[in-house]
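Encoded as structure tokens, the structure appears first; notes follow it.
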Amino acid sequence: MKKPHRISFRIDDDTYNWLEGMGKDSPLSVAEVAREVLMVSRMSKETKSVYGKCLEYLGSLDSTEFLQGLDGLIAVLKEVKSNG
């Protein structure tokens, strides 16, 4: 695996606070949230829609059914990848 490139950039307080707010309910650091934002910004409109629906589905599951739901979602994604 190629070693990832490291970059740094400055952001204003408002942008930092926005990124911090985006990650407040997750264990992600501000840098990890920024990385996720950049990843999503590169997705096509269709991919963003599917990504959002997958997250919405996973968020709707009870903790007792999460792993089973995740397994089902992975199976569907593998099938779509294989069969289009």
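The values are calculated or read from the model by the stated rules, or taken from the named source; none is laboratory data. Here the structure is a predicted model, which is why all the values come from computation and not from measurement. For neighbour counting, all protein chains shown are included, and Cβ atoms are generated from backbone atoms with ideal geometry for every residue, glycine included. For the accessible areas, the whole protein counts, side chains as well, though only heavy atoms, and no ligand, DNA or RNA atoms are used. Shrake-Rupley method; radii C 1.70, N 1.55, O 1.52, S 1.80 Å.
Where only DSSP H runs of four or more residues are counted, the chain gives -21500 deg cm²/dmol as its mean residue ellipticity at 222 nm, each run worth -39500 (n - 2.57). For the chain, the per residue solvent-accessible surface stands at 93 Å², with DNA, RNA and ligands left out and a 1.4 Å probe. Inter-label distance, E46 to D13: 4.5 nm, where each label sits 7 Å from its Cα along the C-beta direction.
Between 0 and 90 degrees, the angle of helix 30-41 with respect to the longest Cα principal axis of the chain falls at about 60 degrees.
Computed about the Cα centre, the dipole magnitude for the chain is approximately 660 debye when only Lys and Arg (+1) and Asp and Glu (-1) carry charge, each at its Cβ. Tell me the label-point distance for the pair K2, K24, using the 7 Å Cα-to-Cβ offset, in nm and rounded to one decimal. With each label point 7 Å from Cα toward Cβ, the separation is 3.8 nm.
Wrap a convex hull around the Cα atoms of the chain, take a quarter of its surface area, and give that in square nanometres.
If you wrap the Cα atoms of the chain in a convex hull and average its projections, you get 8.0 nm².
Couplings for the range 70-82, taken from phi via the Karplus curve 6.51 cos²θ - 1.76 cosθ + 1.60 with θ = phi - 60°, read 5, 4, x, 5, 4, 4, 5, 5, 5, 5, 4, 5, 6 Hz in order; Gly and Pro are left as x. Let a ≥ b ≥ c be the square roots of the eigenvalues of the Cα gyration tensor of the range 27-76; is it rounded (a/c under 1.5), or, if not, prolate (a/b larger than b/c) or oblate? Oblate is the answer for the range 27-76, as a/c is 1.5 or above yet b/c matches or exceeds a/b.
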